[in-house]
Amino acid sequence: MQLNFEHKTAGHCENGVVRNLLKYYEVDLSEPMILGLGSGLFFSHMPFYKMHGMPITSFRPLPGAIFSSVTRRLRVKIKRYKFSNPDKAMAKLDEILFREIPVGLLVGVYNLPYFPKEYRFHFNAHNICVIGKEGDEYIVSDPVVIQKCRLSSADLKTVRYAQGTYPPRGRMYHISSIKRLRPVDEQMVRKAILKTCNRMLHIPLPMFGVKGIAYLATRMRNWVAMYGERGAALNLAQVIRMLEEIGTGGAGFRFMYAAFLQEAGEFLGKPALRDLSLELTAIGDLWRDFSYHAARFFKKREGEVASYDQVADKLMKISQREKEVFTRLEKIMKSE
Amino acid sequence: MKIKEVPQDGAILESTAVRDVCYALDEDGTYKEVLSVGWSPKNEAIQFAWSAINEESAKIRQEVMEGKLSPLAYHLSRLVMTPRILADYTGFSTRKIKKFCRPELFAGLNYEVLEKLAGALNISVEQLRSID
């Protein structure tokens, strides 16, 4: 059996699964709108939390946060599960699937067969949607893949029980009711934007939001002293990967959020948001410029010399520009 | 970023069905989704991370040949596994997995244990015993 489920690609797996699930229930939203309503743009640099021995830099809130905010705002009811027994986890999945309900799953990418081998790290917060089963094979809609894929039940079980940081433990979820659905309205969009502004501007810690970008810049200047040439380059490579690796729509969600501001501007009848969208696009281009220059630390191009101060300066500028954009955005949203 | 500036630098994704969705501006300045097969700075960052892993594995492989470590240590490194994560997959303790990385202890392991380790690493027992 296979559900009549429209598979659409998305930049980010979580946005993609939410959007495709909602679409199945005839709630049609764009990926940027999901990102915006889910307040999915952020920045944090946490030297004290490490993955593969390197500080975590992130351009989005915690995994699952977008999903929770969007469904809460829309008043869509979600049922979530977690299982200690893998066989029970598979049986429950079948039971729900055969009630013609598409099921979202949290999986690890390490053993995901259709991923390129270069992407097989122990990342355990990938979202996919199971939309059918034929014999021993599940039909899967993974938003970062251009077509529907198939996974054997053994493979699916393995990725649902991936190990490492934050193991998924068979987590799954589905929409249980849309009876109280609230269509997107002005208030909702406004609140979601204000939440993003608040997170980017007002968290009183140096690691988060626009301050976090400056903090990363400051730390970066000392990387060579702290980690040596090679270690510093590895750290920089890690930042670039978080900015650009599958899931951000380019430049750490900045372009996707700019697309949202454009859509929101039209929706709210506020042309000023279109200008801010363009400004955020320009900032996205600055992030790309940063990545391009940073890449020379690990891929030498001819005749180029680079210093960490140089790329750190670029980040300081980005921090300043983002501060301006989100301050203006907050002002517009708070007025009237 | 404009649509015509969306990079299409294939290196990692083009042989798979995985793609990056980029958001870029069309000629009227309206955002559109565009599929991309990758971008050089990102590809280079990923390849650089792997080159560091490969170098580390080569070093460990050398130590295996010198009889200082067991082949398990090599496979752990090559497959970006850690003793901790392999312990979680197999049910052995982290301390045990670390012990299995010592050649004299590894040599004494029975087939059942080897099978369990190899299974969790998604390789065959023959592969686990060798460093090819």
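Values in this text are rule-based calculations from the coordinates and carry no lab data. What you see is a predicted model; the values in this text were computed from it and never measured. Cβ: placed from backbone, ideal geometry, glycine included. Neighbour counts: every protein chain shown.
Structure values in brief
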{"quantity": "Sites A:PHE98 and B:MET65 - FRET efficiency at Förster radius 51 Å, r taken between beta-carbons, to 0.05", "calculated": "0.40"}
{"quantity": "Of the trypsin sites (Lys or Arg not before Pro) in region A:129-169, those whose Cβ has at most 11 other Cβ within 10 Å and which sit in DSSP loop", "calculated": "none"}
{"quantity": "Prolate/oblate/rounded label for region A:226-336 (Cα gyration tensor, a/c 1.5)", "calculated": "prolate"}
{"quantity": "Gyration tensor verdict on the protein assembly as shown (Cα atoms; rounded if a/c is under 1.5, prolate if a/b is larger than b/c, oblate otherwise)", "calculated": "oblate"}
{"quantity": "Antiparallel DSSP beta bridges within chain B, percent to nearest 5", "calculated": "75"}
{"quantity": "Estimated distance in nm for a label pair at B:ASP28 and B:THR16, the labels positioned 7 Å out from Cα along Cα-to-Cβ", "calculated": "3.6"}
{"quantity": "Rough spin-label spacing in nm, given labels placed 7 Å along Cα→Cβ, for B:ILE53 and A:GLN320", "calculated": "3.9"}
{"quantity": "Length-normalised contact order of chain B in % [C-alpha pairs under 8 Å, at least 6 apart]", "calculated": "17"}
{"quantity": "Hits among aspartates and glutamates - C-alpha to C-alpha of A:LYS92 under 12 Å, sequence gap 8 or more where chains match", "calculated": "none"}
{"quantity": "Listed pairs A:LYS195/A:LYS270; A:LYS82/A:LYS211; A:LYS50/A:LYS77; B:LYS42/B:LYS116; A:LYS211/B:LYS32; A:LYS50/A:LYS88 exceeding 27 Å between Cα atoms", "calculated": "A:LYS82/A:LYS211; A:LYS50/A:LYS77; B:LYS42/B:LYS116; A:LYS211/B:LYS32; A:LYS50/A:LYS88"}
{"quantity": "Chymotrypsin sites (Phe, Trp or Tyr not before Pro) within region A:82-172: DSSP coil, no more than 12 neighbouring Cβ in 10 Å", "calculated": "A:PHE98"}
{"quantity": "Estimated 222 nm signal from helices in chain B, with DSSP H stretches of n ≥ 4 weighted -39500 (n - 2.57), rounded to 500", "calculated": "-15500 deg cm²/dmol"}
{"quantity": "Other-chain or far-sequence residues with amide H under 5 Å of A:HIS126's (modelled H)", "calculated": "A:VAL107, A:VAL109"}
{"quantity": "DSSP-assigned coil residues among GluC sites (Glu not before Pro) in region A:1-67, each with at most 10 further Cβ atoms within 10 Å", "calculated": "A:GLU26"}
